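**Student:** Here it is: the structure, laid out below.
Nothing in this text is a laboratory measurement; each read-out follows from the coordinates by a stated rule. Fair warning: this is a prediction, and the values are worked out from it, not measured in the lab. Here the Cβ is made from the backbone with ideal geometry for all residues, glycine too, and neighbour counts use every protein chain on show.
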Amino acid sequence: MSDKRVGIDDMVGELRPGMTVGFGGWGSRRKPMAAVRAIVRAGIGDLTVVSYGGPDVGLLCAAGLVRKVVFGFVTLDSIALDPHFRAARQSGRIEAMEVDEGMFYLGLLAAAQRVPFLPTRAGLGSDVLRVNPDLRTVVSPYGDGEELVAMPALELDAAFVHCNRADHHGNGQFLGPDPFFDELFLGAARRRFVTAEQVVAPGRLLDEGPIQTVLVHRLQTDAVAEVPGGAHFTSCPPDYGRDEAFQRAYAKAAADPDTWRAFAERYLQVEETEYRKAVSAGVPAS
Amino acid sequence: MSEVTRAEVCAVACAEAFRGDGEILASPFGTIPSIGARLARLTFEPDLVLTDGEAALMANTPAVTADHGDLVREAWLPYRRVFDVVWSGRRHVMMMASQLDRFGNQNISCIGDWRMPKAQLIGVRGSPGNTANHTTSYWIPGHTPRAIVGAVDMVSGIGYDRAASAPAAARFHEVRRVITNLAVLDFDTPDHALRLRSVHPGVSVDEVVAATGCELVVPPDVPVSREPTADELELIREVLDPTGARQGELPE
């Protein structure tokens, strides 16, 4: 069996400008932030970002690497709105595809199942159809004749998800309460990247939790990287909670270009190991 | 017991919105709706299903400020499976609204032109799917002409006119109740236009009309929203919100 272990920069090295990239997690919860930071370091831009949006979206927007965001919401949970994403939207710098959360789910599912669309009531009558003129409806071929939204497959060039644990072969384990939609992001993507707090030897995942927690299997994974703190500053239970002080500093960095520059210099223009050192040194008082 | 507060009247009005729902998932957003849903479960709707706010259904009915350690979980409901419930229709969501119009269209997406909004808000979230699939109510703690408007900037949750334009959306559509800091509103009119159902104690009909930015149907006799019973008041004050979080959401 192949050993799929690589470094995070190897994963990001496969990305090209203009790609469509999906990120697992939800809001400011278990986001593959180390991957996001690696993308920022590499400066890969013109991206279409597909996400149940949190600071992954905001950070990439602030770094100027986003052409378009596909989203149903963007939130930091304990801070309702991400100021970096807001600034990008309000300045008209980025394109947007805004859909219902359930439509988003079906778009990933359609891509994972290799069908062009899946039907749903979600979106009917709403302005989601007005602002996305490419969205189409479909009439049921059965007797009911209902006209439903045909949510198109959200096909991804690459997807990143962050697990609590993974093994050398790319099986991935969620030890927290919610796996979110991570498996679907992997299913929808051409290249599938799993980062984990810890990568263990094959067979050892069951020392960590029951078989039902190993929701990502190796058919869904191309490469795996061990990145402790890989979800920081978002939450990654039971390994760690959200770093609220850091998140506040991140949000405040949207205040003006100088504040952002200082934040980026300290936390983004450095390797992941330096990032961890800067984080453990504490957020500077503002 | 001290005088009943507006927040307590609102909590009871939120509870009343769930009356008759039986065994469905009640999904309240906000502190006062959460108190309301729990109050309904502890009194007249014992079969209501509630989440722990994370990824589980909650068997007990503790205070809205209870630590996670005080919650008793009865089943797993991660986000992905919430959609199974939404699409099955066995849910009544009580959402907030940055804007709400005369036919119950809700906006939580953005203010201004969607292409380059004046203010980006959270996004449409699950509002389009919720409103097309199951009962929806709204909680608007700041009833002003900027919140209840002639037309919303981005229809997220669909109202009656939009539902009527798409039969497959109308099939399971119901916007039942709008609870605000001033009044209870509904759509029980022939064309499902917004109607004043009751005013909270101490609020005049004129005040509500002045605070509403769209046409409002005002019946000849507008009742006063009911006050909590002694039992309900005790549940709110001693069990569900002993620290007074409700006053933080709706100061007197």
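**Student:** When Cβ neighbours within 10 Å are restricted to other protein chains, what is their mean count per residue of peptide A:94-104? Show your work: numbers first, answer last.
**Tutor:** On the way: counts 1, 1, 7, 0, 8, 4, 14, 12, 11, 4, 2.
Other-chain Cβ atoms within 10 Å of each residue's Cβ, averaged: 6.
**Student:** With an 8 Å Cα cut-off and a minimum separation of 6 or more residues, compute the relative contact order for segment A:179-279 in percent.
**Tutor:** Dividing the mean separation by the residue count of segment A:179-279 yields 22 percent.
**Student:** If you don't mind, there's one more thing I want to ask. Under a Cβ-only charge scheme (Lys and Arg +1, Asp and Glu -1), can you give me the dipole magnitude of the protein assembly as shown about the Cα centre, in debye to the nearest 20?
**Tutor:** Dipole of the protein assembly as shown, to the nearest 20 debye: 1380 debye.
**Student:** Under 10 Å from the Cβ of A:R41, count the other residues' Cβ atoms, weight Lys and Arg +1, Asp and Glu -1, and hand me the total.
**Tutor:** Every neighbour counted, the sum reads -2.
**Student:** List the lysines whose Cα lies under 23 Å from the Cα of A:K68, skipping any in the same chain that are fewer than 8 positions away.
**Tutor:** A:K31, B:K118
**Student:** A:T137's amide H: which non-local residues (gap 5+, or another chain) put their own amide H closer than 5 Å, with H modeled 1.01 Å from N in plane and none for Pro or chain starts?
**Tutor:** Distant-sequence amide H within range of A:T137: A:A150.
**Student:** Further, regarding this structure: Place a point 7 Å from Cα of A:M1 in the direction of its Cβ. Which residues in segment A:218-239 have their backbone N less than 13 Å from it?
**Tutor:** Counting backbone N atoms under 13 Å from the label point, the list is A:218-221.
**Student:** Relative contact order, percent, of segment A:62-126 when contacts are C-alpha pairs under 8 Å separated by at least 6 residues?
**Tutor:** Values: 55 pairs, mean separation 20.8, N = 65.
Answer for segment A:62-126 is 32 percent.
**Student:** I've got another one for you. Given labels modelled 7 Å from the Cα in the Cβ direction, how far is it in nm from A:D9 to A:R190?
**Tutor:** It works out to 2.5 nm between the two label points.
**Student:** What is the set of long-range amide H partners of A:V200 at a cut-off below 5 Å, with H atoms built 1.01 Å from backbone N?
**Tutor:** A:A166, A:D167, A:H168
**Student:** Could you order the peptides A:57-69, A:152-164, B:47-59 from most to least packed, using the average number of other C-beta atoms within 10 Å per residue?
**Tutor:** A:152-164, A:57-69, B:47-59
**Student:** On to the next question. What FRET efficiency would be calculated for the residue pair A:R16, B:E3, taking the C-beta separation as r and a Förster radius of 56 Å, to the nearest 0.05?
**Tutor:** Details: r = 66 Å, r/R0 = 1.18.
Given R0 = 56 Å and the Cβ-Cβ separation, E is 0.25.
**Student:** Separate question: Amide H to amide H under 5 Å from A:N132: which residues, 5+ apart in sequence or cross-chain, H placed 1.01 Å off N in plane?
**Tutor:** Hits under the 5 Å cutoff: none.
**Student:** Specify, per residue and in Å³, the volume enclosed by the convex hull of the alpha carbon atoms belonging to segment B:6-249.
**Tutor:** 130
**Student:** Using a basic spin-label model with each label point 7 Å from the Cα along Cα→Cβ, how many nm lie between A:A262 and B:A210?
**Tutor:** 4.7
**Student:** Now a separate question. Given R₀ = 51 Å, FRET efficiency for A:A278-B:A151 by Cβ-Cβ distance, to 0.05? Walk me through the numbers on the way to the answer.
**Tutor:** Values: r = 48 Å, r/R0 = 0.94.
That gives a FRET efficiency of 0.60.
**Student:** If you don't mind, another one. Which ³J(HN,Hα) values, rounded to whole Hz and listed in residue order, are derived for segment B:123-135 from phi using the Karplus coefficients 6.51, -1.76 and 1.60 in 6.51 cos²θ - 1.76 cosθ + 1.60 with θ = phi - 60°, glycine and proline given as x?
**Tutor:** x, 5, 6, x, 4, x, x, 4, 5, 7, 10, 7, 4
**Student:** Under the 0.36 nm per residue contour assumption, what length would be gained going from the current alpha-carbon distance of B:D231 and B:F172 to full extension? Intermediate values should be presented prior to the final figure.
**Tutor:** Details: separation 59, 0.36 × 59 = 21.24 nm, distance 3.47 nm.
Residue separation times 0.36 nm, minus the Cα-Cα distance, leaves 17.8 nm.
**Student:** What's the local net charge at A:R5, with K and R +1, D and E -1, over the other residues with C-beta under 11 Å away? It would help to have the intermediate numbers written out before the result.
**Tutor:** Numbers: positive: A:K4; negative: A:D3, A:D10, A:D167, A:E226.
That sum, taken over residues with Cβ under 11 Å, equals -3.
**Student:** If you build a Gaussian network model of chain B, linking Cα atoms that sit under 10 Å apart, which residue out of B:A170, B:A75, B:A193 swings the most?
**Tutor:** Fluctuation is largest for B:A75.
**Student:** Can you give the net charge of the other residues whose Cβ lies under 15 Å from the Cβ of A:D258, counting K and R as +1 and D and E as -1?
**Tutor:** +1
**Student:** With just the Cα atoms defining each centre, how far is segment B:137-207 from segment B:48-109? Give it in Å.
**Tutor:** 20
**Student:** Relative contact order of chain A: what whole-number percent is it, with Cα pairs under 8 angstrom and at least 6 residues apart?
**Tutor:** 20
**Student:** I'd like the Karplus ³J(HN,Hα) series for segment A:61-71: coefficients 6.51, -1.76, 1.60, θ = phi - 60°, whole numbers in Hz, and an x wherever there's a Gly or Pro.
**Tutor:** Those phi angles translate into 5, 4, 7, x, 9, 10, 8, 8, 10, 9, 7 Hz.
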